[in-house]
Amino acid sequence: MLTQGLSLTLELAGVSLVFAMVIGIFASLMGMSKNPILRGINKAFVAIIRGTPLLVQGFFIYFGITGLLGIRITAFMAGTIALSLNAGGYLSEIFRGGIQAVDPGQREAARSLGLSASQTTWRIIIPQAIRICIPSVVNQWCITIKDTSIISVIGLAELTKMGQNIIARTYRSFEVWIIVGAMYFIVIWLLTVLARVVEKKVSLDD
Amino acid sequence: MINNENVKVEIRGLRKSFGKHEVLKGIDCDIHTGEVVCVIGPSGSGKSTFLRCINCLEEPTAGTVKVDGNLMDENAKNIDELREDVGMVFQHFNLFPHLTVLRNLTIAPTLRKKMGEEEANKVAMELLARVGLADKATAMPRSLSGGQKQRVAIARALAMRPGLMLFDEPTSALDPEMVGEVLDVMRQLAGEGMTMVVVTHEMGFARQVSDRVLFIDQGVIAEEGTPADVFDRPQNERTKSFLNKVLEA
(Lines give C-alpha, C1' and ligand atoms only; values in the text may rest on other atoms or scores of the structure.)
Protein backbone atom coordinates (compact mmCIF):
# COMPACT_ATOMS: atom_id res chain seq x y z
CA MET A 1 0.00 0.00 0.00
CA LEU A 2 2.75 2.42 0.92
CA THR A 3 4.56 1.73 -2.33
CA GLN A 4 1.34 2.52 -4.21
CA GLY A 5 1.20 5.78 -2.30
CA LEU A 6 4.84 6.47 -3.12
CA SER A 7 4.29 5.91 -6.80
CA LEU A 8 1.36 8.35 -6.80
CA THR A 9 3.52 10.86 -4.94
CA LEU A 10 6.26 10.50 -7.54
CA GLU A 11 3.79 10.73 -10.38
CA LEU A 12 2.16 13.83 -8.95
CA ALA A 13 5.51 15.47 -8.24
CA GLY A 14 7.03 14.43 -11.58
CA VAL A 15 4.18 15.67 -13.76
CA SER A 16 3.82 18.87 -11.71
CA LEU A 17 7.51 19.66 -11.90
CA VAL A 18 7.61 19.26 -15.68
CA PHE A 19 4.75 21.74 -16.03
CA ALA A 20 6.24 23.93 -13.30
CA MET A 21 9.53 24.22 -15.21
CA VAL A 22 7.68 25.30 -18.35
CA ILE A 23 5.51 27.75 -16.41
CA GLY A 24 8.61 29.02 -14.60
CA ILE A 25 10.53 29.64 -17.83
CA PHE A 26 7.67 31.54 -19.46
CA ALA A 27 6.80 33.46 -16.31
CA SER A 28 10.43 34.50 -15.82
CA LEU A 29 10.66 35.65 -19.45
CA MET A 30 7.49 37.66 -18.89
CA GLY A 31 9.01 39.11 -15.75
CA MET A 32 12.02 40.36 -17.71
CA SER A 33 10.04 41.52 -20.72
CA LYS A 34 10.12 45.10 -21.95
CA ASN A 35 6.32 45.02 -22.02
CA PRO A 36 4.99 46.43 -18.72
CA ILE A 37 1.73 44.44 -19.02
CA LEU A 38 3.59 41.11 -19.22
CA ARG A 39 5.80 42.20 -16.32
CA GLY A 40 2.69 43.10 -14.33
CA ILE A 41 1.07 39.72 -14.99
CA ASN A 42 4.21 37.97 -13.78
CA LYS A 43 4.39 40.16 -10.69
CA ALA A 44 0.76 39.49 -9.78
CA PHE A 45 1.17 35.75 -10.41
CA VAL A 46 4.22 35.49 -8.18
CA ALA A 47 2.62 37.64 -5.50
CA ILE A 48 -0.50 35.43 -5.37
CA ILE A 49 1.49 32.19 -5.30
CA ARG A 50 3.76 33.51 -2.56
CA GLY A 51 1.02 35.21 -0.61
CA THR A 52 -1.40 32.31 -0.25
CA PRO A 53 -0.92 28.81 1.21
CA LEU A 54 -0.63 25.87 -1.15
CA LEU A 55 -3.52 24.25 0.67
CA VAL A 56 -5.79 27.21 -0.13
CA GLN A 57 -4.60 27.17 -3.76
CA GLY A 58 -5.47 23.47 -3.98
CA PHE A 59 -8.94 23.92 -2.50
CA PHE A 60 -9.58 26.94 -4.70
CA ILE A 61 -8.74 25.03 -7.87
CA TYR A 62 -10.48 21.77 -6.94
CA PHE A 63 -13.64 23.17 -5.36
CA GLY A 64 -13.71 26.90 -6.07
CA ILE A 65 -13.04 27.07 -9.80
CA THR A 66 -14.78 23.82 -10.68
CA GLY A 67 -17.83 24.93 -8.67
CA LEU A 68 -17.95 28.30 -10.37
CA LEU A 69 -17.57 26.89 -13.87
CA GLY A 70 -19.71 23.84 -13.14
CA ILE A 71 -17.06 21.42 -14.38
CA ARG A 72 -15.55 18.36 -12.78
CA ILE A 73 -11.91 17.50 -12.82
CA THR A 74 -10.09 14.67 -11.08
CA ALA A 75 -8.30 15.25 -7.83
CA PHE A 76 -5.07 14.30 -9.57
CA MET A 77 -5.60 16.97 -12.19
CA ALA A 78 -6.45 19.59 -9.58
CA GLY A 79 -3.43 18.60 -7.51
CA THR A 80 -1.17 18.78 -10.54
CA ILE A 81 -2.48 22.20 -11.52
CA ALA A 82 -2.04 23.56 -7.99
CA LEU A 83 1.47 22.17 -7.58
CA SER A 84 2.52 23.25 -11.10
CA LEU A 85 1.37 26.80 -10.58
CA ASN A 86 2.83 26.95 -7.09
CA ALA A 87 6.26 25.60 -8.03
CA GLY A 88 6.12 27.55 -11.33
CA GLY A 89 5.78 30.80 -9.43
CA TYR A 90 8.80 30.12 -7.26
CA LEU A 91 10.84 28.76 -10.18
CA SER A 92 10.14 31.86 -12.25
CA GLU A 93 11.80 33.93 -9.55
CA ILE A 94 14.73 31.50 -9.41
CA PHE A 95 15.19 31.67 -13.20
CA ARG A 96 14.91 35.43 -13.25
CA GLY A 97 17.51 35.65 -10.49
CA GLY A 98 19.81 33.28 -12.37
CA ILE A 99 19.59 35.19 -15.63
CA GLN A 100 20.18 38.49 -13.89
CA ALA A 101 23.16 37.01 -12.04
CA VAL A 102 25.06 36.43 -15.31
CA ASP A 103 27.76 39.08 -15.68
CA PRO A 104 26.45 41.91 -17.92
CA GLY A 105 29.84 41.79 -19.65
CA GLN A 106 28.76 38.49 -21.22
CA ARG A 107 25.90 40.14 -23.07
CA GLU A 108 28.15 43.02 -24.13
CA ALA A 109 30.81 40.66 -25.44
CA ALA A 110 28.26 38.65 -27.39
CA ARG A 111 26.58 41.73 -28.85
CA SER A 112 29.95 43.24 -29.76
CA LEU A 113 30.63 40.14 -31.88
CA GLY A 114 27.41 40.76 -33.78
CA LEU A 115 25.23 38.16 -32.07
CA SER A 116 21.58 39.21 -32.03
CA ALA A 117 19.69 39.77 -28.80
CA SER A 118 18.02 36.35 -28.97
CA GLN A 119 21.22 34.51 -30.00
CA THR A 120 22.88 36.16 -27.01
CA THR A 121 20.09 35.13 -24.67
CA TRP A 122 19.90 31.50 -25.78
CA ARG A 123 23.55 30.75 -26.56
CA ILE A 124 25.37 32.81 -23.96
CA ILE A 125 23.12 33.90 -21.10
CA ILE A 126 20.76 30.93 -20.54
CA PRO A 127 23.48 28.23 -20.46
CA GLN A 128 25.27 30.17 -17.74
CA ALA A 129 22.05 31.03 -15.89
CA ILE A 130 21.11 27.34 -15.75
CA ARG A 131 24.35 26.55 -13.99
CA ILE A 132 23.75 29.34 -11.50
CA CYS A 133 20.18 28.14 -10.89
CA ILE A 134 20.80 24.43 -10.36
CA PRO A 135 21.06 24.43 -6.54
CA SER A 136 17.95 26.59 -6.08
CA VAL A 137 15.96 24.62 -8.66
CA VAL A 138 16.81 21.33 -6.96
CA ASN A 139 15.79 22.90 -3.67
CA GLN A 140 12.41 23.81 -5.16
CA TRP A 141 12.01 20.29 -6.54
CA CYS A 142 12.56 18.88 -3.05
CA ILE A 143 9.97 21.27 -1.61
CA THR A 144 7.43 20.35 -4.29
CA ILE A 145 7.94 16.62 -3.76
CA LYS A 146 7.10 17.12 -0.09
CA ASP A 147 4.26 19.54 -0.90
CA THR A 148 2.43 16.66 -2.58
CA SER A 149 1.61 15.58 0.98
CA ILE A 150 -0.28 18.83 1.58
CA ILE A 151 -2.29 18.43 -1.58
CA SER A 152 -3.41 14.93 -0.47
CA VAL A 153 -6.26 16.58 1.48
CA ILE A 154 -8.27 17.05 -1.71
CA GLY A 155 -8.53 13.28 -1.84
CA LEU A 156 -5.36 11.87 -3.31
CA ALA A 157 -4.12 8.60 -1.90
CA GLU A 158 -0.47 9.49 -2.12
CA LEU A 159 2.18 8.45 0.37
CA THR A 160 1.09 10.49 3.39
CA LYS A 161 -2.59 9.72 2.91
CA MET A 162 -1.76 6.01 2.56
CA GLY A 163 0.14 6.23 5.83
CA GLN A 164 -2.90 7.70 7.53
CA ASN A 165 -5.11 4.97 6.08
CA ILE A 166 -2.83 2.23 7.36
CA ILE A 167 -2.68 3.79 10.81
CA ALA A 168 -6.48 4.01 10.90
CA ARG A 169 -6.59 0.25 10.57
CA THR A 170 -3.50 -0.80 12.53
CA TYR A 171 -2.92 2.00 15.09
CA ARG A 172 0.83 1.63 14.46
CA SER A 173 1.53 5.31 14.31
CA PHE A 174 5.20 5.26 15.25
CA GLU A 175 6.32 2.62 12.77
CA VAL A 176 4.24 3.91 9.89
CA TRP A 177 5.36 7.52 10.17
CA ILE A 178 9.00 6.39 10.42
CA ILE A 179 8.62 4.39 7.22
CA VAL A 180 6.72 7.15 5.43
CA GLY A 181 9.31 9.71 6.51
CA ALA A 182 12.15 7.43 5.38
CA MET A 183 10.55 7.03 1.96
CA TYR A 184 10.40 10.80 1.40
CA PHE A 185 13.90 11.11 2.76
CA ILE A 186 15.37 8.53 0.40
CA VAL A 187 13.70 10.00 -2.69
CA ILE A 188 14.97 13.47 -1.88
CA TRP A 189 18.38 12.21 -0.88
CA LEU A 190 18.77 10.42 -4.22
CA LEU A 191 17.69 13.54 -6.06
CA THR A 192 20.18 15.65 -4.14
CA VAL A 193 23.05 13.27 -4.86
CA LEU A 194 22.18 13.23 -8.53
CA ALA A 195 21.96 17.02 -8.57
CA ARG A 196 25.34 17.35 -6.94
CA VAL A 197 26.92 15.15 -9.62
CA VAL A 198 25.34 17.20 -12.39
CA GLU A 199 26.31 20.44 -10.70
CA LYS A 200 29.91 19.37 -10.41
CA LYS A 201 30.00 18.26 -14.01
CA VAL A 202 28.76 21.54 -15.45
CA SER A 203 30.46 23.80 -12.90
CA LEU A 204 32.39 26.75 -14.29
CA ASP A 205 34.27 27.55 -11.11
CA ASP A 206 37.88 26.70 -10.49
CA MET B 1 47.40 61.23 -46.59
CA ILE B 2 44.22 61.69 -44.59
CA ASN B 3 41.14 62.36 -46.65
CA ASN B 4 37.45 61.73 -46.38
CA GLU B 5 37.56 58.57 -48.41
CA ASN B 6 39.31 56.54 -45.78
CA VAL B 7 37.29 57.73 -42.81
CA LYS B 8 36.38 54.56 -40.89
CA VAL B 9 34.58 56.17 -37.98
CA GLU B 10 32.88 59.55 -38.03
CA ILE B 11 31.78 60.94 -34.68
CA ARG B 12 29.78 64.16 -34.54
CA GLY B 13 28.47 66.05 -31.54
CA LEU B 14 28.54 62.94 -29.37
CA ARG B 15 26.96 63.40 -25.97
CA LYS B 16 26.13 60.78 -23.38
CA SER B 17 24.43 61.21 -20.03
CA PHE B 18 23.74 58.65 -17.33
CA GLY B 19 20.77 60.10 -15.50
CA LYS B 20 21.64 63.69 -14.75
CA HIS B 21 25.36 63.10 -15.05
CA GLU B 22 26.73 64.08 -18.44
CA VAL B 23 29.79 61.97 -19.18
CA LEU B 24 30.46 63.01 -22.78
CA LYS B 25 29.89 66.65 -23.56
CA GLY B 26 30.19 66.90 -27.30
CA ILE B 27 32.87 64.97 -29.12
CA ASP B 28 33.78 65.33 -32.78
CA CYS B 29 36.34 62.96 -34.15
CA ASP B 30 37.27 61.02 -37.29
CA ILE B 31 39.20 57.79 -37.24
CA HIS B 32 40.83 56.77 -40.48
CA THR B 33 41.35 53.34 -41.93
CA GLY B 34 44.64 51.89 -40.74
CA GLU B 35 45.02 54.44 -38.00
CA VAL B 36 45.92 53.50 -34.43
CA VAL B 37 44.36 55.95 -32.00
CA CYS B 38 45.12 55.77 -28.31
CA VAL B 39 42.73 57.44 -25.88
CA ILE B 40 44.22 58.59 -22.60
CA GLY B 41 42.85 60.59 -19.71
CA PRO B 42 41.98 60.50 -16.02
CA SER B 43 39.57 57.93 -14.55
CA GLY B 44 35.97 58.93 -15.04
CA SER B 45 36.83 61.28 -17.89
CA GLY B 46 34.57 59.39 -20.31
CA LYS B 47 37.21 57.44 -22.26
CA SER B 48 35.46 54.09 -21.96
CA THR B 49 32.04 55.57 -22.61
CA PHE B 50 33.44 57.18 -25.76
CA LEU B 51 34.74 53.81 -26.93
CA ARG B 52 31.49 52.00 -26.07
CA CYS B 53 29.51 54.51 -28.08
CA ILE B 54 31.47 53.54 -31.21
CA ASN B 55 29.88 50.07 -31.36
CA CYS B 56 26.72 51.29 -29.68
CA LEU B 57 27.07 49.35 -26.45
CA GLU B 58 26.11 52.73 -25.07
CA GLU B 59 23.48 54.62 -26.97
CA PRO B 60 24.40 58.28 -27.47
CA THR B 61 22.14 60.82 -25.80
CA ALA B 62 22.83 63.14 -28.70
CA GLY B 63 25.03 63.19 -31.76
CA THR B 64 25.96 60.47 -34.21
CA VAL B 65 28.51 57.74 -34.67
CA LYS B 66 28.99 56.36 -38.16
CA VAL B 67 31.15 53.40 -39.12
CA ASP B 68 31.84 53.20 -42.85
CA GLY B 69 29.10 55.75 -43.25
CA ASN B 70 26.50 53.62 -41.43
CA LEU B 71 24.76 55.12 -38.43
CA MET B 72 25.34 53.03 -35.28
CA ASP B 73 21.90 52.89 -33.72
CA GLU B 74 20.70 50.23 -31.28
CA ASN B 75 17.29 50.18 -32.93
CA ALA B 76 18.58 49.91 -36.46
CA LYS B 77 17.71 46.64 -38.17
CA ASN B 78 21.28 46.09 -39.30
CA ILE B 79 23.00 46.90 -36.00
CA ASP B 80 24.12 43.28 -35.54
CA GLU B 81 25.74 43.27 -38.98
CA LEU B 82 27.40 46.60 -38.32
CA ARG B 83 28.81 45.29 -35.06
CA GLU B 84 30.30 42.27 -36.84
CA ASP B 85 32.81 44.65 -38.38
CA VAL B 86 33.75 46.24 -35.03
CA GLY B 87 35.68 43.94 -32.72
CA MET B 88 35.91 44.79 -29.05
CA VAL B 89 38.29 43.71 -26.31
CA PHE B 90 37.20 44.33 -22.74
CA GLN B 91 39.09 45.08 -19.56
CA HIS B 92 37.71 41.96 -17.91
CA PHE B 93 38.07 39.73 -21.01
CA ASN B 94 34.44 38.56 -20.91
CA LEU B 95 35.26 35.19 -22.41
CA PHE B 96 32.28 32.84 -22.50
CA PRO B 97 33.07 30.60 -19.50
CA HIS B 98 30.81 27.74 -20.59
CA LEU B 99 32.55 27.29 -23.94
CA THR B 100 36.00 25.99 -24.82
CA VAL B 101 38.60 28.43 -26.06
CA LEU B 102 38.04 27.22 -29.62
CA ARG B 103 34.27 27.58 -29.38
CA ASN B 104 34.71 31.09 -27.96
CA LEU B 105 36.35 31.91 -31.28
CA THR B 106 33.96 30.03 -33.56
CA ILE B 107 30.56 30.82 -32.04
CA ALA B 108 30.13 34.19 -33.73
CA PRO B 109 31.46 33.16 -37.18
CA THR B 110 29.25 30.06 -37.26
CA LEU B 111 26.15 31.86 -36.01
CA ARG B 112 26.59 35.13 -37.90
CA LYS B 113 28.58 34.37 -41.01
CA LYS B 114 27.03 30.95 -41.51
CA MET B 115 30.54 29.64 -41.70
CA GLY B 116 30.82 25.84 -41.61
CA GLU B 117 32.25 24.39 -38.44
CA GLU B 118 35.30 23.04 -40.21
CA GLU B 119 36.20 26.34 -41.77
CA ALA B 120 35.50 28.25 -38.56
CA ASN B 121 37.75 25.86 -36.64
CA LYS B 122 40.52 26.33 -39.19
CA VAL B 123 40.30 30.12 -38.97
CA ALA B 124 40.17 29.92 -35.17
CA MET B 125 43.24 27.68 -34.98
CA GLU B 126 45.18 30.08 -37.18
CA LEU B 127 44.23 32.95 -34.90
CA LEU B 128 45.10 31.00 -31.75
CA ALA B 129 48.48 30.20 -33.26
CA ARG B 130 48.94 33.88 -33.99
CA VAL B 131 48.39 34.81 -30.33
CA GLY B 132 50.54 31.87 -29.22
CA LEU B 133 47.78 29.75 -27.75
CA ALA B 134 47.20 26.98 -30.27
CA ASP B 135 47.76 24.43 -27.51
CA LYS B 136 44.85 25.87 -25.48
CA ALA B 137 42.12 25.26 -28.06
CA THR B 138 40.33 22.60 -26.03
CA ALA B 139 40.89 24.30 -22.66
CA MET B 140 38.13 26.05 -20.76
CA PRO B 141 38.65 29.77 -20.14
CA ARG B 142 38.84 29.31 -16.36
CA SER B 143 42.10 27.39 -16.71
CA LEU B 144 43.88 30.29 -18.41
CA SER B 145 45.92 33.09 -16.89
CA GLY B 146 44.73 36.66 -17.29
CA GLY B 147 47.17 37.37 -20.09
CA GLN B 148 46.13 34.23 -21.93
CA LYS B 149 42.46 35.11 -21.49
CA GLN B 150 43.00 38.50 -23.00
CA ARG B 151 44.91 37.05 -25.96
CA VAL B 152 42.02 34.64 -26.55
CA ALA B 153 39.62 37.59 -26.32
CA ILE B 154 41.60 39.40 -29.01
CA ALA B 155 41.59 36.30 -31.20
CA ARG B 156 37.83 35.92 -30.64
CA ALA B 157 37.22 39.45 -31.87
CA LEU B 158 39.52 38.89 -34.86
CA ALA B 159 37.65 35.74 -35.83
CA MET B 160 34.89 37.94 -37.25
CA ARG B 161 37.47 39.60 -39.52
CA PRO B 162 36.57 43.09 -38.28
CA GLY B 163 37.74 46.22 -40.00
CA LEU B 164 38.05 48.04 -36.70
CA MET B 165 39.15 46.94 -33.26
CA LEU B 166 38.23 48.67 -30.02
CA PHE B 167 40.27 48.01 -26.88
CA ASP B 168 38.83 49.08 -23.53
CA GLU B 169 41.75 49.19 -21.08
CA PRO B 170 42.86 45.72 -22.20
CA THR B 171 45.73 45.45 -19.73
CA SER B 172 44.24 47.15 -16.67
CA ALA B 173 43.02 43.94 -15.04
CA LEU B 174 46.25 42.04 -15.65
CA ASP B 175 49.10 41.22 -13.32
CA PRO B 176 52.08 43.35 -14.34
CA GLU B 177 54.08 40.43 -15.73
CA MET B 178 51.30 39.64 -18.21
CA VAL B 179 50.86 43.11 -19.65
CA GLY B 180 53.71 42.64 -22.11
CA GLU B 181 52.31 39.55 -23.84
CA VAL B 182 49.01 41.32 -24.54
CA LEU B 183 50.65 44.52 -25.74
CA ASP B 184 52.88 42.45 -28.04
CA VAL B 185 49.82 40.99 -29.75
CA MET B 186 48.32 44.47 -30.11
CA ARG B 187 51.57 45.84 -31.46
CA GLN B 188 51.67 43.07 -34.05
CA LEU B 189 48.08 43.84 -35.02
CA ALA B 190 48.86 47.54 -35.41
CA GLY B 191 51.85 46.61 -37.57
CA GLU B 192 49.56 44.68 -39.89
CA GLY B 193 47.53 47.80 -40.52
CA MET B 194 44.48 47.15 -38.35
CA THR B 195 42.42 50.21 -37.50
CA MET B 196 42.48 50.41 -33.73
CA VAL B 197 41.06 52.61 -30.99
CA VAL B 198 42.74 51.84 -27.68
CA VAL B 199 41.71 53.24 -24.32
CA THR B 200 44.78 52.69 -22.20
CA HIS B 201 46.87 53.70 -19.23
CA GLU B 202 49.98 52.25 -20.88
CA MET B 203 51.71 55.47 -21.86
CA GLY B 204 54.70 53.63 -23.30
CA PHE B 205 52.44 51.72 -25.68
CA ALA B 206 50.49 54.85 -26.61
CA ARG B 207 53.68 56.75 -27.39
CA GLN B 208 55.27 53.93 -29.34
CA VAL B 209 52.39 52.47 -31.34
CA SER B 210 49.76 55.12 -31.92
CA ASP B 211 49.46 57.42 -34.89
CA ARG B 212 47.38 59.79 -32.86
CA VAL B 213 46.67 60.33 -29.18
CA LEU B 214 43.42 61.73 -27.83
CA PHE B 215 43.46 63.20 -24.35
CA ILE B 216 39.91 63.11 -23.00
CA ASP B 217 39.14 65.06 -19.87
CA GLN B 218 35.78 65.99 -18.34
CA GLY B 219 33.89 64.62 -21.31
CA VAL B 220 35.65 66.45 -24.11
CA ILE B 221 38.75 65.89 -26.23
CA ALA B 222 40.99 68.33 -24.43
CA GLU B 223 43.98 67.73 -26.68
CA GLU B 224 44.93 65.58 -29.62
CA GLY B 225 47.91 65.07 -31.84
CA THR B 226 50.81 62.80 -32.62
CA PRO B 227 52.35 61.03 -29.65
CA ALA B 228 55.27 63.44 -29.85
CA ASP B 229 52.94 66.44 -29.75
CA VAL B 230 50.88 65.21 -26.83
CA PHE B 231 53.61 63.64 -24.72
CA ASP B 232 56.52 66.00 -25.41
CA ARG B 233 54.81 69.29 -26.16
CA PRO B 234 51.39 69.26 -24.49
CA GLN B 235 49.60 72.58 -24.94
CA ASN B 236 46.75 72.13 -22.52
CA GLU B 237 47.35 72.63 -18.80
CA ARG B 238 45.17 69.64 -17.92
CA THR B 239 47.17 67.42 -20.27
CA LYS B 240 50.39 68.61 -18.67
CA SER B 241 49.20 67.93 -15.15
CA PHE B 242 47.78 64.51 -16.12
CA LEU B 243 51.00 63.46 -17.82
CA ASN B 244 53.06 64.69 -14.90
CA LYS B 245 51.03 62.52 -12.57
CA VAL B 246 51.08 59.32 -14.65
CA LEU B 247 54.65 59.59 -15.88
CA GLU B 248 56.05 60.29 -12.43
CA ALA B 249 54.44 57.21 -10.94
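The values are calculated or read from the model by the stated rules, or taken from the named source; none is laboratory data. All values derive from a computational prediction rather than experimental measurement. Don't worry about glycine lacking a Cβ; one is built from the backbone with ideal geometry, like all the others, and counts go over all protein chains shown.
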| request: Those residues that are outside any helix (DSSP H, G or I) and surrounded by fewer than 16 Cβ atoms within 10 Å (Cβ to Cβ), I need them from region A:151-167; list them, please. | output: A:GLY155
| What is the residue count in region A:100-117 for residues that are more than 10 Å from chain B (Cβ to nearest Cβ) and in contact with a Leu (Cβ under 9 Å, 6 or more places away or on another chain)? | 0
| message | So for region B:74-97 (the condition being away from chain A (no Cβ under 12 Å), touching a residue at least 40 places away in the same chain (Cβ under 8 Å), among the β-branched types (Val, Ile, Thr) and not in a loop (DSSP other than H, G, I, E, B)), does at least one residue qualify? | response | no
| message | Being within 11 Å of chain A (Cβ to nearest Cβ) and in a helix (DSSP H, G or I) is the filter here; which residues of region B:107-131 pass it? | response | B:ILE107, B:ALA108, B:PRO109, B:THR110, B:LEU111, B:ARG112
| field | Exclusive hit being in contact (Cβ under 8 Å) with a residue 12 or more places away in the chain, within 14 Å of chain B (Cβ to nearest Cβ) and among the β-branched types (Val, Ile, Thr), set A:THR66, A:THR120, A:THR80 | value | A:THR120
| field | Subset of region A:168-206 (residues that are loosely packed, with under 12 Cβ neighbours inside 10 Å, modelled with pLDDT under 90 and acidic (Asp, Glu)) | value | A:ASP205, A:ASP206
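Based on this model, can you work out whether B:LEU247 counts as more than 22 Å from B:ILE31 (Cα to Cα) and either of a type in the set (A, V, I, L, M, F, W, C) or in a loop (DSSP other than H, G, I, E, B) (or both)?
Yes, satisfied.
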| remark: The condition of being more than 24 Å from B:MET140 (Cβ to Cβ), touching a residue at least 60 places away in the same chain (Cβ under 8 Å), within 13 Å of the chain's Cα centre (by Cα) and in a helix (DSSP H, G or I) holds, among B:ALA157, B:ALA153, B:ALA190, only for B:ALA190
| request: Sort out which residues of region B:204-236 are assigned to a helix (DSSP H, G or I) and touching a Phe, Trp or Tyr at 6+ places or on another chain (Cβ under 7 Å), and write them in order of number. | output: B:ARG207, B:VAL230
| remark: Across region B:132-156, the tally of residues that are surrounded by fewer than 21 Cβ atoms within 10 Å (Cβ to Cβ) and within 14 Å of chain A (Cβ to nearest Cβ) stands at 7
| Considering residues of region B:19-77 that are of a type in the set (Lys, Arg) and in contact with an Asp or Glu (Cβ under 6 Å, 6 or more places away or on another chain) only, the residue nearest to B:ASN236 (Cα to Cα) | B:ARG52
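Return the only residue of B:LEU111, B:LEU102 being under 24 Å from B:LYS149 (Cβ atoms), at pLDDT below 95 and more than 17 Å from the chain's Cα centre (by Cα).
Only one candidate qualifies: B:LEU111.
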